[in-house]
Structure formats: structure tokens, C-alpha cells
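The next block holds one structure in the form of C-alpha cells; read it before the comments.
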Amino acid sequence: MAAVVNTFIAFMKGGAFLLTGNVAMFAEMMHSFGDAANQFFVFIGSALSKKAPTPRFPNGFGRLVNLVVLGAILIVGILAYETIKEGWHHILHPTESGGIVIVLVVLLVAFLLEMFVLYKAGKEVLHEAHVTGGFWAPLTKSFANLNRAKPATKLVFMEDIVATVGNLLAALAVIIAYFTDFLAIEGMVSILIGLMMFYVVVRVFLENARGVIGETDEQMLNHIAYLISDNPKIKDIKTLEVVKEGEYLHVETLLEIDRTLTFDKIDDIQEDLSKLLLSQPGVTDVVISFDEDDGVKSWKHHKEPPTTLKTHDAK
């Protein structure tokens, strides 16, 4: 939805730029084209990341979405550079542009469409973070829970924040230039929009670079440690890893149990724990190993119960 809406907005702004020659509209056109290209790439990468593991790729394709996002933001970086360069040129050689009515109408329509997409993205952020709220929650609570969202959702949300603010800045620049003859303001806004695009590039790059390498989900690590420790048959957690695999979580743990337990009992413990962990949000892969209790407490991260998380049915 975000990709389709931004494509429409980009062509609409492009037509307005050709009719008016407004440099702020040029910046917004480049911004919208960059967002649309990004979101199309991410949509494809997100879909491919859901492919089932194969003998050649036994760990699955979860991190593919991170790789696609890293490639996609290069486009935004190039367009941000062109936007800043065009804005600087306009500051040095300001020219008057016409068609203020066309520009403002296009920016108003774009603002409303971007707000619609931003609201939908905010709802998705809250859904992925398992947070509920009222009508305004997608525009308020989503900021605090953005780190819990999937890479694709986070990218769309951040880009649409910049796009929404960019439309307002461009409209303000056009109005100021029209009524005060301060023509350089349009170039300044163009540079500001380009810098905001660069901010998204840097932040998204760093987050997805961590995703490609494999990053621990600290909140889920503590949550899962608490769930495991709550089982009276588990004496200790020797090791526990909760690693993000794109949009999903891979859990691997080595647990210490009573050495007197029979194989049947151990098998039941493993089956119960696997079902419990697979019911946690985002967890799709669980590996549980056992060792005999050595009497030494190794795990110390589960003293306090973490924030309650909703579960889904294990597949």
C-alpha cells in the first residue's frame, strides 16, 4: 500500500514540478520516488524471506529482508544527494516559480495520503509490538514501540514520517517565497528534506546491518529465560541465545536438569518447552539441549519477571 501510494504521489509531484518549476516540489518528487522504490524492494524482500528452509539453505531466508533493505536505502541515499545538490543550486541562483495553487493542492493531497499510510504503518507497529490502544495510538504509542516492529514496517513508518513533515515544509516554503520574495527558502527546504532522507538512510542502514550479522533480542531473551526458569524441572540455564533472523526469532538453549530423570521424562520436558517457546511472538525455530545439573548457578538474568507478552498458536 505504501509503495503504490508513494508512486502515485511521486508522479503527481513530478507533474506539478514540470508545470511550475518549483524546486521544493522537485525535492518532494525525488523523496516520493525514493520511498516508492524502497518500499517495492522491501515488499519483495519480505515476501522472499518467508520461504521455507531448503537443503542448501537449512537456516532459511529470514535475513534476506535485511539484505534487501540495505540495498534499497542506497537508492534513497542517491536521491537525497540529488535533492541537496538541487537545493544548493537554487540558493545560489534563486528563480521564481509559479503555479502556487497547483503546488499547494498537490502538497495537500500528498499530505493526506501520507498521513493515511503513516496511520496504517503505526497500526502495524503496534500489532507487531503487541500493544493495544485507542484511535490515536498509531500516531502516539507507535514511536515508543518502533524498535519492536519488523524491519519492513519500521522502514515504511520512518519514511512516511519524513514524507509527511516534508510536505508541510515544502508548503511553508512555497507560501513564504510567494508572499515575501525570499526565493532561497525553497532551496533551503530542499536541503532540509534531503538531510532528513539521509537520516533515514543512516538509521535504517545501521539497524539492518545488525540484522544481517545477527542481533540478540534482549527483551525476548529475558522473557524466554523467565519462562524456562519457571519450569520446576529445569535446574539452570547454561546458555541461551535469542537471535533475530529478519522478521523472526531463533532460540537455542542448553539447560541443566536432574541427572536422575529418565529419557521419557526428558523428552516430555523438551516437548512442553518447545510448544511454549514456539507460542511466543516471532519465535519460529527452537533448539533445546540438555546437560546434567552441576550444582552451580550460571544464569542470573531472570530475577525479575519481564513485561507480559501475548502468545500465538505454535505451528
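The values are calculated or read from the model by the stated rules, or taken from the named source; none is laboratory data. Just so it is clear, the model here is predicted, and its values are computed rather than measured. In this analysis, Cβ positions are derived from the backbone assuming ideal geometry, glycine residues included, and neighbour counts consider all displayed protein chains. Note: areas computed on protein heavy atoms with side chains; ligands, DNA, RNA excluded. Shrake-Rupley method; radii C 1.70, N 1.55, O 1.52, S 1.80 Å.
Secondary structure note: in the chain, about 55% of the DSSP beta bridges are antiparallel. Each residue, Glu215 and Ser274, gets one label point 7 Å from its Cα in the Cβ direction; the gap between the two is 3.0 nm. Given their separation in residues at 0.36 nm each and the Cα-Cα distance between them, Phe143 and Phe11 gain 44.6 nm when the chain is fully extended. State the antiparallel share, in %, of DSSP beta bridges confined to the stretch 208-295, rounding to the nearest 5. Among the beta bridges of the stretch 208-295, antiparallel pairing accounts for roughly 55 percent.
Just checking the listed ones, Phe57, Phe17, Phe143: in the Gaussian network model of the chain with Cα springs under 10 Å, the one fluctuating most is Phe57. Length available on full extension from Asp181 to Ala52: 0.36 nm per residue minus the Cα-Cα distance, which gives 40.5 nm. Judged by the gyration tensor of its Cα atoms, with axes a ≥ b ≥ c, the stretch 99-243 is prolate; a/c meets the 1.5 cut and a/b is the larger of a/b and b/c.
Taking the accessible area of the chain, probe 1.4 Å, and keeping the other protein chains in place, the carbon and sulfur fraction comes to 65%.
Taking a ≥ b ≥ c as the square roots of the eigenvalues of the Cα gyration tensor, an a/c ratio of 1.5 or more together with a/b no larger than b/c marks the stretch 46-144 as oblate. Projecting label points 7 angstrom from Cα along Cα→Cβ for Tyr119 and Glu96 puts them 4.0 nm apart. Place a point 7 Å from the Cα of Leu168 along the Cα-to-Cβ direction; which residues of the stretch 1-36 have their backbone N under 12 Å from it? Once the point is set 7 Å along Cα→Cβ of Leu168, nothing inside the stretch 1-36 turns out to lie under 12 Å by backbone N. Normalised per residue, the accessible area of the chain is 52 Å², obtained with a 1.4 Å probe and no contribution from ligands, DNA or RNA. The mean sequence distance of close C-alpha pairs (under 8 Å, at least 6 residues apart), as a share of the length of the stretch 113-158, puts its relative contact order at 45 percent. Taking the chain as a Gaussian network of alpha-carbon nodes connected by springs under 10 Å, the highest mean-square fluctuation of the residues Ile193, Ile73, Ile161 belongs to Ile161.
Seen against the Cα atoms of the chain and their longest principal axis, helix 64-92 is set at about 20 degrees.
Taking amide H as placed 1.01 Å from N in the peptide plane, Leu255 has its amide H under 5 Å from the amide H of Lys238, Ser289, Phe290, Asp291, each at least 5 places away in sequence or on another chain.
For the chain, the longest principal axis of the C-alpha atoms and the axis of helix 2-20 are separated by about 10°.
Extension gain for Leu261-Leu195 works out to 17.6 nm (0.36 nm per residue, less the C-alpha to C-alpha distance).
Computed on the chain, with alpha-carbon pairs under 8 angstrom and 6+ residues apart, the relative contact order is 19 percent.
With contributions of -39500 (n - 2.57) from each DSSP H run of at least four residues, the per-residue ellipticity at 222 nm computed over the chain stands at -22000 deg cm²/dmol. Centre-to-centre, using Cα atoms only, the stretch 119-174 and the stretch 219-248 are separated by 30 Å. Computed from phi, the 3J(HN,Hα) profile of the stretch 55-63 under the Karplus parametrisation 6.51, -1.76, 1.60 (θ = phi - 60°) reads x, 6, 10, x, 8, x, 10, x, 7 Hz, with x in place of Gly and Pro.
Start at zero, step by 10 Å, and the Cα-Cα distances of the chain spread as 6, 23, 25, 19, 13, 8, 4, 2, 0 percent across the bins.
Report, to the nearest 10°, how far helix 23-48 tilts away from the longest principal axis of the Cα atoms in the chain, using its own Cα long axis and a range of 0 to 90°. So the helix axis and the longest Cα principal axis differ by about 20 degrees.
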